[in-house]
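A quick write-up on the structure given underneath.
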Amino acid sequence: MIVELGHFALILAFAVSMVQAIVPMIGAHRGWRGWMAVAEPAASAQFFLVALSFLALTYAFVTSDFSLRLVVANSHTDKPMLYKISGVWGNHEGSMLLWVLILTLFGACAAWFGQGLPPTLRARVLGVQSAIGTAFFAFILFTSNPFTRLQTPPMNGEDLNPLLQDPGLAFHPPFLYLGYVGLSMAFSFAVAALIEGRVDAAWARWVRPWTLAAWLFLTIGIALGSWWAYYELGWGGFWFWDPVENASFMPWLIAAALLHSAIVVEKREALKSWTILLAILAFGFSLIGTFIVRSGVITSVHAFANDPERGVFILAILAVFVGGALTLYAARAAAMEAKGVFSMVSRETALVMNNILLAVAAFVVFIGTVWPLIAEMAFDRKLSVGPPFFEAAFTPFFVALAIILPVGVLMPWKRARLPRVMQPLWGVLALAIAAGALTWAMQTGRSALAPIGMVLFVWVLGGAAMDIASRTGRGDWASRLRRLRNLPRADWGRATAHSGLGITIFGIAALMAWESEDIRVATVGEPFEVSGYEITLTSVDRVQGPNYNAIQAVMRVARDGREVAVLRPEKRSYPVAAMPTTEAAIDNGIFRDIYLVIGDAQDEGGWAVRTYIKPFANWIWAGAIVMALGGGLSLSDRRYRVAGGARKAVPGAVPAE
């Protein structure tokens, strides 16, 4: 009964979405306030109906209702409760229900907190958002119904994919979807502005908080996915340029560009056309990611790899919304004339360069991701584009971005003098070069990667510190500290996010330059040495988990005769899913990780063991956390929650069509 109630709620939400997509749009066009007012209660109703549907599906998983086909395919009575719950979105159908839940949540938030918006713009934003929802409701109900019953329920289920039975993967998809779907709000604002034929500073102020929230959640989601890949897959890496990893990274890059571009629209009423295009492309790349994950056209350890018919449906959604938005964009080009002028040396120019570098970097990732598919379709050739291509093609753009960053944030609007801008940065530059030279002198190899990473790390962090210091003005230290305490949170957020980027850059460079790897057959009781650490395999035992069997090794790690850690890597087997997994054992540290993986028993005796010493690995995720913290600080600034006063003066105005 509860399952049927959830199914009915989903159908009812579909009907409400169609009403919300049509009635407020007509009302905004005609200037009918009553019709426009339909959008707000409809947005709330959609969210509550989808939430009821999602709770019904969750109830089915928690209670192991094996009359539901989705529960049979993705759950088991022996599975821990956390993974019973995460099993709701650990599959195609359930994850799409989570997708529309978040989509309707953002629409409801726009209705609840968008009272400062003009009625016509609010009605159009909610109408476009609901039109997206209508398309995905149709996709779920007609191709991916999560509430399909079985005529003859089995006694137990087939279990969730063992790779997904992990805390990192339990929380990774919700955060990622909050980012993916959150970009739909920027898209809705862009299309609504195009329909009105008006893009101004007030519009940019309204769109920035939604974009910032989406970027923040994407940052957390990508970091969780990277962390999971690092410790769960047993490969010892944090990023593999996998197609699904790239699918989340591309909208993150475009969203970052959109955030910076919207600043120029708000402050100087320039880059209007470019900002609208970025808003369309950001959500477009989110839809491309959805297509990659669910169409089965590209192989990935992360993909749902469903049948191509579902991929065609998503491709149709992509074509209708992105194609329609781009057509409208072309038609409204004249309405997006830039007003602000600026010189070649100015903050506007720095932000333009930032946008170009981020957009081109996203394009490089896109080409590398889809090129194997294009080559197979057009030239009948099977190609593989791996990390060497991405690292060689992508890295220069991010290095250039890091170099520009500290200079750009200190530049004034409209016109700047480079010598004056550089004055507080010369000391930072000297310190960065000295730190790079010291790193070069101390490292044993001759790779330039780590010294360059150190230079960029000090340069970006020093630039962020100078950014904050420059906003305290002049005078005695007491007055400057007082002004420092009163700085807007957005200023602190910007400096914090930029610092996080510098930390991540150094973590990646240090790990790639200084990592040590050792693969050998280890015998119980016989120590071996890796990078100054003495490692001894003391025992190998069989252990029983809640829904798996495992071979667990006990390995002692010592240095200079002192025990550093006792690690227990495992090789698990899940009988129901008939799938093995590798569980690495990691001794985490601020400056290094000791990473051990146990393999198979060898015929001649002993066990295959892989050992990695990974310097500064945790700095990668620490930097991501700091970036997300910076986004949260900026989002908490009151200025992000107050609509532009320019529109409030004429709340009932209806622009000419």
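The values are calculated or read from the model by the stated rules, or taken from the named source; none is laboratory data. These numbers were taken from a predicted model, which means no experiment stands behind them. For neighbour counting, all protein chains shown are included, and Cβ atoms are generated from backbone atoms with ideal geometry for every residue, glycine included.
One table, with the values for the structure above:
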item	result
Residue within segment 157-171 that is buried (at least 24 other Cβ atoms within 10 Å of the Cβ) and among the charged types (D, E, K, R) present	yes
Close pairs (8 angstrom Cβ cut-off, 6 or more residues apart or separate chains): within 23 Å of residue 509 (Cβ to Cβ) in segment 577-593, part of a loop (DSSP other than H, G, I, E, B) anywhere	584/234; 584/236; 584/569; 591/616; 592/616
Residues located in segment 123-139, provided they are under 18 Å from residue 280 (Cα atoms) and not aliphatic (A, V, I, L, M)	124, 127, 129, 130, 133, 136
Some residue of segment 512-525 being free of Cβ contacts under 8 Å to residues at least 60 places away in the same chain and not small (Gly, Ala, Ser)	no
Check on residue 358, surrounded by 18 or more Cβ atoms within 10 Å (Cβ to Cβ) and at pLDDT 90 or above	yes
Residue match in segment 364-381 (condition: closer than 30 Å to residue 495 by Cα, out of contact with any Phe, Trp or Tyr (no Cβ under 7 Å at 6 or more places or on another chain), part of a helix (DSSP H, G or I) and touching a residue at least 60 places away in the same chain (Cβ under 8 Å))	yes
Top-ranked residue of segment 554-611 - restricted to ones that are among the acidic types (Asp, Glu) and within 16 Å of residue 542 (Cβ to Cβ), ranked as modelled with the highest pLDDT	570
Selection within segment 319-355 - touching a residue at least 12 places away in the same chain (Cβ under 8 Å) and either on the phi > 0 side of the Ramachandran plot or part of a loop (DSSP other than H, G, I, E, B) (or both)	332, 337, 338, 339, 340, 341, 342, 343, 345, 346
Residue 447 vs. criteria within 24 Å of residue 398 (Cβ to Cβ), at pLDDT below 90 and touching a helix residue (DSSP H, G or I) at 6+ places or on another chain (Cβ under 6 Å)	yes
Evaluation of residue 629 against (1) of a type outside the set (Gly, Ala, Ser); (2) closer than 30 Å to residue 196 by Cβ; (3) at pLDDT 95 or above (one fails), failing number	(2)
Tally of residues being surrounded by fewer than 23 Cβ atoms within 10 Å (Cβ to Cβ), of a type in the set (A, V, I, L, M, F, W, C) and either touching a residue at least 60 places away in the same chain (Cβ under 8 Å) or touching a strand residue (DSSP E or B) at 6+ places or on another chain (Cβ under 6 Å) (or both) across segment 69-84	3
Residue, farthest from residue 164 (Cα to Cα), within segment 50-99, restricted to residues that are under 24 Å from the mean Cα position of the chain (by Cα) and of a type in the set (S, T, N, Q)	95
Filter result for the condition that a residue is of a type in the set (S, T, N, Q), touching a residue at least 24 places away in the same chain (Cβ under 8 Å) and more than 28 Å from residue 72 (Cβ to Cβ), over 531, 539	531
Some residue of segment 429-447 being loosely packed, with under 13 Cβ neighbours inside 10 Å, hydroxyl-bearing (Ser, Thr, Tyr) and over 19 Å from residue 498 (Cα atoms)	yes
Helices (runs of 4 or more DSSP H) contained entirely in segment 26-142, each with at least 1 residues that are under 25 Å from residue 199 (Cβ atoms) and not polar (S, T, N, Q)	33-36, 39-62, 92-113
Of all residues in segment 451-483 being small (Gly, Ala, Ser) and surrounded by fewer than 17 Cβ atoms within 10 Å (Cβ to Cβ), the one that is nearest to residue 500 (Cα to Cα)	465
Complete set of residues in segment 253-276 that are surrounded by fewer than 21 Cβ atoms within 10 Å (Cβ to Cβ) and closer than 25 Å to residue 319 by Cβ	273, 274
